[in-house]
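The values are calculated or read from the model by the stated rules, or taken from the named source; none is laboratory data. Fair warning: this is a prediction, and the values are worked out from it, not measured in the lab. Here the Cβ is made from the backbone with ideal geometry for all residues, glycine too, and neighbour counts use every protein chain on show. SASA here: full protein model, heavy atoms, side chains in, ligands and nucleic acids out. Shrake-Rupley method; radii C 1.70, N 1.55, O 1.52, S 1.80 Å.
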Amino acid sequence: MRKPAIWFILLTLPLFLGAKDKKTDQEKKAWEPKVVKAVRAEEPILIDGGLNEKVWQTTPCDGFTQNDPKDGEPSSEKTHVWVAYDDKALYVAAYCYDSDPKGIKNLLGRRDSQIDSDWFFFAVDPYYDKRSGYLFGVNPAGSILDEALSNDVTEDSSWDGVWEWKAAINGQGWIVEMKIPFHQLRFSKKDEYVWGVNFSRVIKRKQERASFSWVPKNEPAYVSKFARLEGLRGINPGTHIEVLPYTVGQAQFRPAEDGNPYERGHKYFGNVGFDMKMSLKSNLTLDASVNPDFGQVEVDPAVVNLSAYETFYEEKRPFFIEGASIFDGFGRGGVYINANINWPMPSFFYSRRIGRAPQGYATQDGYVDMPGRSTILGAAKVTGKLGGWNVGFINALTAREYAEIDSFGSRFKEEVEPFTYYGVLRAQKDIKEGQHGFGIMATGVMRDTQNETLSDILNKNAFTLAVDGWSFLDKKRNYVVGGWAGGTRIEGSQMDILQMQYSAMHYFQRPDSTHVEVDPAATSLSGWGGRLSLGKQNGNFLFLFSAGALSPGFNPNDTGFQYGGSDIIQIQFLPGYQWMKPGKVFQQALIIGGVFRSYDFGGNKTWDGILAEFDGTFKNFWSFSTMFAYNPDTISHNLTRGGPLALIPKGWQVNFSLSTDSRKSVVLEGFSSVYRRPGDGTELSLSTSLRWKPKSNLNLSLGPTYAHETSEIQWVTRVRDAFMTDTFGTRYIFGHIDQKILAAEIRLNWTFTPKLTLQAYLQPFIGVGKYERFKELAKPKTYDYNVYGQGASTINFADGRYDVDPDGAGPASAFSFGNPDFNVKSLRGTIVLRWEYFPGSLLYFVWTQNRADYAHPGDLQLRRDLGDLWTAPGDNIFLLKVSFRWNM
């Protein structure tokens, strides 16, 4: 397939490089910024939704233009907006006129939940860098959301400002007022200011979204097209300090365990500390925590992971998610369209590494009391602008952790996590209002590994350094090139680095590899990586061409995360076409297709294929997505988990999803996927979601999932045998797996007021896997396997183990391995009551429950398994946390 793929790229790329999109007069006008005048208020402004002050009687801004459903046409309803200010705050008022006030959708929802209602949004770019800013939204019921804006189009809802608002419905529509203190915004001190600004409105019953400063839907731009806000004089960002002391109490109840002094049925914990936010300069903010509470209030979902790589879980701790966009955006600046086909998506910073569960283990026999997570002694974060650079800097220290062991009444402690420093630096420079950009990122981890056991399994030091950037190739920013390049280095003892070379990230021990080898004397490991993308992302014609590589020694995982191993060279080309104007059938649609291929550094083709995808929204606002992909035979260098290369048979995949009109009180979504390898097995996944909104302040969602996978080559284990010369002295053992997963996610959101909410989450999960037809790889680079029980070989099962004689009367030794069947049942849930009793001051009450059962491995009987799950002993955790925001 190599030549057809290359010819496809060469023949089609010039077509897209030369493609020109016709622009209407309205689209050309979108490049001309409007001007908004801010008026200084001469009297106090009361945020009451009444528009009674004199400043609201001046000439308003109007003239909104639709993005949906009719891109470029005037809004169907009139909207008037005013901007005012005084010495302390910025004020925004809007009168959203409506010809049918009874049709206004005014649902209540928790903060930052963009529920299916009418909305008014105000966005501001105080630096006027045309790249960053803030967005504030209010709906008619008083629900709010706020976000930090970056990279022109990136929205970060983790940012929570402290501001005032009020909304009121009347006989002509609805009114919204906002008061945003200047100390909540970052900007440089000047005598007179020009800021970027935009207003937008959602009229939900019409599925209409209209903006004051309109950008065509086929142009991926937002902040760069804001209107100019003029008239701001005599204001000062000043120095602002917030201190948030907190106290937390926790009670944990679980079944007592006879003889175990650490499991008596209950545990109690308490803690106090404080967070601080301080403006260092007008452009920089310091966030610091002393004895922080870095627990999370929502449980992680249950999964069955049969791969050699760890599972990614989202960050849920406020300190780390707020303002995370400056770190998360590394390598993605300027390039707004993205695709990662068999690309492991390395990230240099994964904040859940900080405060993770201890990585060590108890080496002595006895009952063990193991800490659930590493204690974060303190953490500090600096974000903002410095000398024209966007900067972010995180420092954190985690404590030395000990497991307590009780051995026949004697107690002693054993270190399971060393004292550790984490540091992350990110800086980015925009050039010519974002036309070009350049950035750097550096991370470091330093562990005080005094314990020999820990020094054998943990890297002592780990460092990364990388650069990224982008450049738009034309003034209209139709074409862009961007990417990143960087290196990693880890240091440790010989045993630690030896184990790292054998790990799934590297597999240097591969016996038939010609480009990697194990160095048993090494005390460090280094690698490099990078990716470059060229895209056309404006207009109807689109394309993305990407090429990336990660060297065999690349490893960012001490501070970052990578979805798979290194040693990869990947290339992809995806052209597409989008329709943004409503037609007879579709409201909008996108078709995209292309080719992709991956190699390792030894020249083996490890992945290959073509795909085609068609997405769209019908005129009735139902939406769909369908995808087809085909993969020919490829070679895997990780199927045998450090063994020789093996063949992966060809296969094909079909996905389809459908969702109904989100304006309705009942919304249905469905997804199906089939991946079929005729020579190996099938993966089937079905899921659906039902969202019910019975009242304006209540919504319930139910999402059941069913997955069924069969495969002849599921990894089991390896056994050394000098007589197995065809596979270099080791038998690589696989089995046929029949795996079924039944799960559901149930969510309840009950909003009493915009500041008092109740959330409930429940996930029942059953995952069952049955193994049979055990076999060993017969020859490298093939799909040839010796099945045990056929020919001279024998296999027997007794006492929970399989006994195998691979050659009967032959010279090879018999061996055994444990039964890999499993039946994982879990029930995880949490209820969170959140009350913002004072601006920025919160009270949380949380109840979390976990149940688990592992009986009947390999055998799925739904009624019995649900009964086992329901009667399984559970852990119950009750937590109360109170914080108070104190302005100094």
Stretchable slack from Lys413 to Asn52, in nm (0.36 nm times residue separation minus alpha-carbon distance): 123.1 nm
Suppose R0 equals 51 Å. What FRET efficiency, 1/(1 + (r/R0)^6) with r the Cβ-Cβ distance, do Ser76 and Trp389 give to the nearest 0.05? 0.70
Describe numerically, in nm with one decimal, the distance between label points set 7 Å from Cα along Cα→Cβ at Glu192 and at Val39. 2.0 nm
For the stretch 838-847, just list the computed ³J(HN,Hα) in residue order, Karplus coefficients 6.51, -1.76 and 1.60, θ = phi - 60°, integers in Hz, with x standing in for Gly and Pro. 8, x, x, 9, 10, 10, 10, 10, 10, 10
Over the chain, average the accessible area per residue using a 1.4 Å probe and give it in Å², no decimals. 44 Å²
Rounded, prolate or oblate: which fits the stretch 184-268 when a ≥ b ≥ c are the square roots of the eigenvalues of the alpha-carbon gyration tensor, with rounded for a/c under 1.5 and prolate only if a/b beats b/c? oblate
Cα Rg, Dmax, the chain, angstrom units: 29.5, 101
Principal-axis tilt of helix 862-871 within the chain, Cα atoms, nearest 10 degrees: 80 degrees
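Work out, step by step, the length gained on full extension between Thr514 and Arg352: first 0.36 nm times the residue separation, then minus their alpha carbon distance; give nm to one decimal.
Between Thr514 and Arg352, full extension yields 54.7 nm more.
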Built amide H within the under 5 Å cut-off of Gly378, gap 5+: Leu397
In terms of modelled amide H atoms, which long-range or inter-chain residues lie less than 5 Å from the amide H of Asp68? Arg209
The stretch 389-428 to the stretch 831-871: how many Å between their Cα centroids? 28 Å
For a protection proxy built on the mean count of beta-carbon atoms within 10 angstrom, sort 139-151, 724-736 highest first, please. 139-151, 724-736
So how tilted is helix 2-17 from the main axis of the chain? Cα-based, degrees 0 to 90, rounded to 10. 10 degrees
Expected unfolding gain across Lys432-Asp112 under the 0.36 nm per residue rule, minus the alpha-carbon gap, is 112.0 nm
Quickly rank 404-411, 120-127, 690-697 as a protection proxy: mean count of other C-beta atoms within 10 Å, highest first. 120-127, 690-697, 404-411
Of Lys78/Lys189; Lys225/Lys381; Lys619/Lys664; Lys413/Lys825; Lys267/Lys755; Lys179/Lys217, which ones are farther than 25 Å apart at the Cα? Lys78/Lys189; Lys225/Lys381; Lys413/Lys825; Lys267/Lys755; Lys179/Lys217
In whole Hz, what ³J(HN,Hα) sequence does the stretch 244-259 give by Karplus (6.51, -1.76, 1.60; θ = phi - 60°), x for Gly and Pro? 10, x, 9, 9, 9, x, 9, 10, 10, 10, 8, x, 5, 10, 4, x
How many angstrom lie between the Cα centre of the stretch 225-275 and the Cα centre of the stretch 551-572? 34 Å
Gap in Å between the Cα centre of the stretch 670-691 and the Cα centre of the stretch 746-792? 13 Å
Taking the chain and dividing mean pair separation by its residue count, relative contact order in percent (alpha carbons under 8 Å, at least six apart): 9 percent
If packing is taken as the average count of other Cβ atoms within 10 Å, what order do 539-547, 827-835 fall into, highest mean first? 539-547, 827-835
Using a basic spin-label model with each label point 7 Å from the Cα along Cα→Cβ, how many nm lie between Asp258 and Asp365? 2.0 nm
Simple spin-label estimate for Met278 and Leu843 in nanometres, 7 Å along Cα-Cβ: 3.1 nm
Of the accessible area of the chain, with the probe set at 1.4 angstrom, what percent is carbon plus sulfur? 57 percent
May I ask you to evaluate 6.51 cos²θ - 1.76 cosθ + 1.60, the Karplus curve with θ = phi - 60°, for each residue of the stretch 710-715 and list the ³J(HN,Hα) values in order in whole Hz, giving x for glycine and proline? 10, 7, 7, 10, 8, 4
Mind listing the long-range amide H neighbours of Gly196? Cut-off is under 5 Å, sequence gap 5 or more, other chains count too, H placed in the peptide plane at 1.01 Å from N. Asp125, Tyr128, Leu229
Given 37 °C and 0.692 mPa s, how large is the Stokes-Einstein diffusion coefficient of the stretch 785-847 in µm²/s, with Rh as the Kirkwood radius over Cα pairs? 196 µm²/s
